[in-house]
Structure formats: structure tokens, C-alpha cells
Amino acid sequence: MTIITDKIVFGGKSIGKINGKTVFLSYSLPGETLDVNIVESKSDYDNAEITKIINPSPYRVEPKCKYYGKCGGCNMMHIDSKYQVELRKEILCDIFNQEEIDIKNKLSLVTGPEFNYRARFQLNDGGLSQRSGNVIIPITNCQCAEEIINDYLSKSDVNERPKGRIHLFGSKYVCGQNKIMISQAQENIKKEVIGKSKKNIKIKENHYFAGTLYSPENTQRVKINGKEISFDVRGFFQSNLFVFEKVLKLICDNLIPGKNILDMYSGCGAISTFLSDKFENVTLVEHNKDALVYAEENMAGKKHVSYGMSGSNWVKNCQTYCPPFDACVIDPPRSGMEREVCDYLCKSNIPQILSLSCDPRTHARDCKKLLKAGYNLEKIYLLDFYPNTSHIESLAIFNK
């Protein structure tokens, strides 16, 4: 069967129609003529694979990676790098348009290196997981990895790498001589209990994360924009530090200094450490108490209060104890803001809200609620953290 593709949608697949039915295709581009084979048929759409490229897009290129199409990571490496960015912008605009939000004239771009940008990996039995199936690909090089990671991959024998799932973090931004860290096996970790007994916790206390565990063997430190930030290599931390340092500056540049700021879903406090330069007091809310251990380390000497709980629990139980906020930075998980948190922000009248997101669909949903509550969307940025993939992160600047 032959198809002419129309456009790329969220997730990186192109779509077209055969006999009036929508067909999704991986590893294709808009405007291509392709012979395809239907591999999965649903009631309202089909999934297909390319059997022959009849008329390729002028933006189709030869992928640099020998594992491309097998590894579960990249899905846009067959596309010219500059055109990739235009497609990601188009996808972001389309998703916001679905929520009746026109961002085309407010959208800016934050970019970094096209290759060799990624510092954080999860390896399974020394390799990466195949896109579909349980096959492990024993890689010796990754086009997206920072050179320090590739040096490890090229010099280490795949069979001698740690078994099971391990976390690997290596970057030129790492402090000290050892620029790469592999997470320790669970049985080798020396855990230190941090904080007071939970029975002694008071809502206003800074150590609301008492009783959590700290693992020195898995602690990594990076230096970004002049500040050292520590985190657990097994937990979440940004993978592209080249873009992250630009985003941190962008956040600070878009904030009017004030007295109190809320950092919702603060993680290890990487953003809070910079917010403390512009605000007298920072309130951190993060359900992952292990991450808050590092936030306390990163915020040492700075006036702040940490709440180790979900955003919804903070809204229900603690927000009335907090002072009025002059600004809020919110960076929720892929699922977006919790309903209670979004409702709180909509009613809060906080003058400045900076909303970060790693999922454009939930971001558009939450932004629509803020707009209905009377906030103005001043600017929005596509944060191009992951070139050669369809992954999209964004930052929206709201004022009231």
C-alpha cells in the first residue's frame, strides 16, 4: 500500500490516510511517499511500517548512530537537525491549539548541542533496551552521550559492566576529578538516616523530610552557573546540562525579585538554589523526601522552608501556614499539576507563575486553567533538551 504522509504528531510518528483511515508511521517525515505494511489495525486508526521510500523528504538524512531504530532512545535522527526543531515547535503549537491557546507568536527556542549532550543513562545488564521487546543492546558508543560517557562505553567490556539496572552519570559539569559515576548496588550502599524522629515533626519545621536516607556512595555534584548542586545519581536530575544552565538563567531573568517564592515539585532544589539569589525566602514542596535531603544540602545557609509531601497535601494542610508568595516556579511530573495544586494557583493571585513541563499535553491543559483564571501568558519557550528525539519540554511565563 502507498501513502503520502501529512505531518508529524506528538510521539514522533507521521500520519497519513489510506482509504480514509488514519495511519501512523515511525521513522518518516511529512510529505513523503511511502510503501507501507499495516502491522496493527484498530477501529479508528492503523499502525504501519515502511517497506519502501518512494519519494523521500529533502530533510531526510542518514542517521549517525549504528543502533538507530533498535535502541529505544532516539526516533528523529533520520531528520535534518534544524528541521527537527521546526517539527518540535509545530507539535507544541498544535497541542496548545487543541486547548484553544495560540502560542505561535509567543514561542521562543532554547537549544544546545545537537549531539553529545546527554549526561544521564540507565543501563540494563551493561546495555540499552531495544525499542520493543526485552533485548539488550550492548552499546559501545552513543551519539547523544557526552564524550565522558562515550569514553566509558568504548573502554569498558560490555560483559564486565555491572549487571541489572544501574544509573550512569558523567559530564564535564561534574565537580572534581572523577567525572563519571555508576550507581552502587543496593547491598553495597551505606545509608545514613537524616533528620529527627517523625513524632517530633511540626508543620513549620524545615526538616519535614525527617527519617529519609542519604547515600554518600551515590551522591554526585555538578557545577552550573557558578553553583555546586548535589543529587543522588539514582534519582531524577536533568540529563542535558548544556540546556539546563540556559534554562536556569532564563528563569531568573524572567522573575521580578521579591520576598517569598514557592518552588513546587522542587526535587533536589536545583532551581531553588538560584531562586534564593532573587528572593528572601524560598518554600520548597517535594513528595520525594530523599530528594529533599539534597535540597537541604544545596540550600544550606539560605533562608528556606522544605515540605516533604505531595503538592495536594501541601495545599490541604500547609499552605495557610506560608506567607503570601510574590512568585511561583512549578515543575510537575509528566502527569502535570495535581488538581488541588492547579486550583490553588488559579485562586492564589500570585503575581508571577513560571510553569515548566516535560509533557506538552498536560502543560497545555494546565495553562488553559491558568488563562481562564485571569493569568496572562506572556511568553512560552520550547526547551530543546533532547535533540534527535520527539521529546518536548516547555516553559510558560504567566503574570497577573
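The values are calculated or read from the model by the stated rules, or taken from the named source; none is laboratory data. Computed from a predicted structure; not experimentally measured. Using ideal geometry, Cβ is built from the backbone for each residue, glycine included, and neighbour counts are taken over all protein chains shown. All accessible areas refer to the heavy atoms of the entire protein, side chains included, with ligands and DNA or RNA removed. Shrake-Rupley method; radii C 1.70, N 1.55, O 1.52, S 1.80 Å.
If the condition is being in contact with a strand residue (DSSP E or B) (Cβ under 8 Å, 6 or more places away or on another chain) and basic (K, R), then segment 356-400 contributes K379, K400. Filter segment 92-106 down to the residues that are in contact (Cβ under 8 Å) with a residue 40 or more places away in the chain and open to solvent by less than 30 Å² (accessible area, probe 1.4 Å), then identify the one that is nearest to L383 (Cα to Cα). In this case the residue turns out to be L92. Considering the conditions (1) within 20 Å of the chain's Cα centre (by Cα); (2) at pLDDT 95 or above; (3) assigned to a strand (DSSP E or B), A270 is excluded by exactly one of them, (3). Selection of segment 332-357 for residues being of a type in the set (D, E, K, R) and surrounded by fewer than 20 Cβ atoms within 10 Å (Cβ to Cβ) yields R334, R339, E340, D343, K347.
To keep it simple, each residue is scored yes or no on (1) modelled with pLDDT under 95; (2) within 17 Å of I261 (Cβ to Cβ); (3) hydroxyl-bearing (S, T, Y).
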position	(1), (2), (3)
H287	yes, no, no
Y321	yes, yes, yes
P324	no, yes, no
P351	no, yes, no
K368	no, no, no
Y375	no, yes, yes
E378	no, no, no
L383	no, no, no
N399	no, yes, no
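Tell me, which residue of segment 359-380 that is over 22 Å from the mean Cα position of the chain (by Cα) and among the aliphatic types (A, V, I, L, M) is most open to solvent (accessible area, probe 1.4 Å)? Within segment 359-380, the match that is most open to solvent (accessible area, probe 1.4 Å) is L371. When I79, I3, I54 are checked against the criterion of being modelled with pLDDT of 95 or more, within 30 Å of the chain's Cα centre (by Cα) and not basic (K, R), a single residue qualifies: I79.
Residue count for segment 213-254 satisfying the condition of being closer than 26 Å to V341 by Cβ, open to solvent by less than 20 Å² (accessible area, probe 1.4 Å) and touching a Leu at 6+ places or on another chain (Cβ under 7 Å): 3. Filtered by the rule that a residue be touching a strand residue (DSSP E or B) at 6+ places or on another chain (Cβ under 9 Å), small (G, A, S) and open to solvent by less than 50 Å² (accessible area, probe 1.4 Å), segment 8-51 gives G11, S14, G16, S26, S28, G31, A48.
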